[in-house]
1. Only one of these conditions is not met by B:L305: (1) hydrophobic (A, V, I, L, M, F, W, C); (2) within 14 Å of chain A (Cβ to nearest Cβ); (3) more than 24 Å from B:S83 (Cβ to Cβ). Which number is it?
2. Looking at (1) within 28 Å of B:D300 (Cα to Cα); (2) in contact (Cβ under 8 Å) with a residue 40 or more places away in the chain; (3) not hydrophobic (A, V, I, L, M, F, W, C), can you tell me which one B:G136 breaks?
3. Quick check, is B:S284 under 23 Å from B:V356 (Cβ atoms) and small (G, A, S)?
4. Whether any residue in the stretch B:226-249 is over 30 Å from B:D50 (Cβ atoms) and modelled with pLDDT under 80 is what I want to check.
5. Checking B:Q271 against (1) surrounded by fewer than 19 Cβ atoms within 10 Å (Cβ to Cβ); (2) modelled with pLDDT of 95 or more, which single condition isn't satisfied?
6. Which of the residues that make up the stretch B:337-392 are part of a strand (DSSP E or B) and modelled with pLDDT of 95 or more?
7. Just to be sure I understand, how many residues within the stretch B:291-304 are in contact (Cβ under 8 Å) with a residue 40 or more places away in the chain and out of contact with any strand residue (DSSP E or B) (no Cβ under 6 Å at 6 or more places or on another chain)?
8. What number of residues within the stretch B:284-333 satisfy the criterion of being in a helix (DSSP H, G or I) and buried (at least 24 other Cβ atoms within 10 Å of the Cβ)?
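The values are calculated or read from the model by the stated rules, or taken from the named source; none is laboratory data. What you see is a predicted model, and the numbers here were worked out from it, not measured in a lab. Quick reminder, even Gly has a Cβ in these numbers, built from the backbone with ideal geometry, and neighbours come from all protein chains shown.
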Amino acid sequence: MKIPTKNILLLGFCLVFSSVQARPPYRLQAIAQFHFEGSPLKKSTMACTFCHINDTGGAPWNPFGESIKAAFRANPKWGIADALQGVMAAMKDSDKDGYEDALEVFAHTLPGDAKSKPKEDHKVLLERFMAAGGPDQYKSNKAAPVDSSDDE
Amino acid sequence: MKRREFLKISSLAISLTTGMPAFLARAAAQAQSMAGDKILVVIQLSGGNDGLNTLVPYANGAYYAARPNIAIPKQEVLTLSSSLGLHPSMKPLMRFWDTGKLALLESVGYPNPNRSHFSSMAIWHSGDVTGASKEGWIGRIAETIGDPFCATNFGSVTPLALRTNELILPSIDNLDKFQLKLPQGTEKAFEQIMGLPRQNDAEFVAQATRHMISNTAKVQQNLSKYKAGASYPENNKFAAKLKELARLVAANTGQRILYTDIGSFDTHAGQRADQDRLLGEFSSGIDAFMKDLDSQGLGDKVMVLAFSEFGRRVAENDSAGTDHGQGGVMFVLGAGVKGGIYGDSPDLEKLNQGDVVYKQDFRGVYARVLDNWLKIPSKTIMGAEFTAPAFTV
């Protein structure tokens, strides 16, 4: 059976669209709440390895992802915005690289990967971080747009 | 002209006229539906609603053992029976329960459950458990009764449920935007074109268009006359959608099925925050919608059916959430419903790969609504006979 070209193009569009739709709401919330700029459709804006071990997401989680999961367990009525805010406020160094999670979010390095850490001196970075509002800058009063769920 | 050709042409007439919503196109085509003026409102709970925290087995120790962080405490449950109760956010639905107008169906699913949102939703939409069919059950209703305008989705994209290989039933996301307005200065030319003599199919399309124009104003007038008979909750997008559906019902547009959705119920983490909120929005929206219709004397015409593509696993995960499961809970409420809890409660100590085992085929629920409420032969629509408990009057 021959499939007209326009249908193939349409199918291609649908597949792309569906993968766009598959972005989990948790990542969208983190992008918005951590003030990351760039298209949420691009992994370069916030890689899955921000919280997950694998670049494709899913289990297992890295130490920062585990911190968020622990926050959920400790506060079962928290939503994702509350959990992100809580982890930032805790000023914990999940990956034990010498830089607290909130500082790494501020510096746009990976808070769950010890190989990724800010180049800036800790004291200088901390001063800049606190001057910018400290952990409170990651408070959220508004949830990011909740999209349809991922398909796995 | 063959029926499928008729439907294709009719659909074309819709798309040619700026995606005219179903009620306008219906007026144009003068399609005759099967007898009956009953309306079914189908609500899709997207993402996989967790049935166990919806219809809570509060007397079952295994439930609390499996969910140490996210179970609904017994004292918060809205008691329905000695063993089951509703999630506390669903209090607005208790008036339906108290008056025998709320039916809850337990452990609903299908053979060989699929945990993918996309695949499972396609199965619920088509009624084909192999997932192969690309024809939706509501689309098939339109084809069967010969009325391509009998159903409308309120949303931006028409779901598979309202599609067939030949038809894509309309989606509306703003009723007021759907008006037939010719560009200024083109009215006369349009009249001339419409006045040209035509034959056969061309005449049919022209006639449909003329009817559409003449009826557009009337329908819009009806819509503009609508005055909500109830207060809808603010900051609730789902309730806002239902208000628009109430306008459609009140405008007497002749539609048999209205479809919309709420989501996302995909609560992998922090379930209590998200599901509590969503069930509250769902319940308060339905409550306002039915109050509105009742106040306009239309409540007896409308039955609401709510489903989700699957339930969730029995045990919570380590993010205070739940992952994709199998059997779930369906709701049916409003007119024509015989209230109660139908089906066996899940046996939480006899699971299938950690999931609630499905016991009621969802196609049986569709079939009962088709046969008893819409008065449309279910075997024709579903392709076989399916059964369900007698949750309809």
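1. Just one mismatch for B:L305, condition (2).
2. (2)
3. Values: under 23 Å from B:V356 (Cβ atoms): no; small (G, A, S): yes.
So B:S284 does not fit the description; no.
4. Scanning the stretch B:226-249, I find no residue that is over 30 Å from B:D50 (Cβ atoms) and modelled with pLDDT under 80, so the answer is no.
5. Every condition holds for B:Q271 apart from (1).
6. Pass one, the stretch B:337-392, residues part of a strand (DSSP E or B): B:337, B:340-342, B:352, B:355, B:360-361, B:392.
Of everything in the stretch B:337-392, those that are part of a strand (DSSP E or B) and modelled with pLDDT of 95 or more turn out to be B:V337, B:G340, B:I341, B:Y342, B:Q360, B:D361, B:T392.
7. Step one: of the stretch B:291-304, the residues in contact (Cβ under 8 Å) with a residue 40 or more places away in the chain are B:291-296, B:298, B:301-304.
Those still in the list that are out of contact with any strand residue (DSSP E or B) (no Cβ under 6 Å at 6 or more places or on another chain) too: B:291-292, B:294-296, B:298.
Count: 6.
8. At the first step, the residues of the stretch B:284-333 found to be in a helix (DSSP H, G or I) are B:284-295, B:299-301.
Right, trim to buried (at least 24 other Cβ atoms within 10 Å of the Cβ) and you get B:285-286, B:289-290, B:292-293.
Adding up the residues that qualify gives 6.
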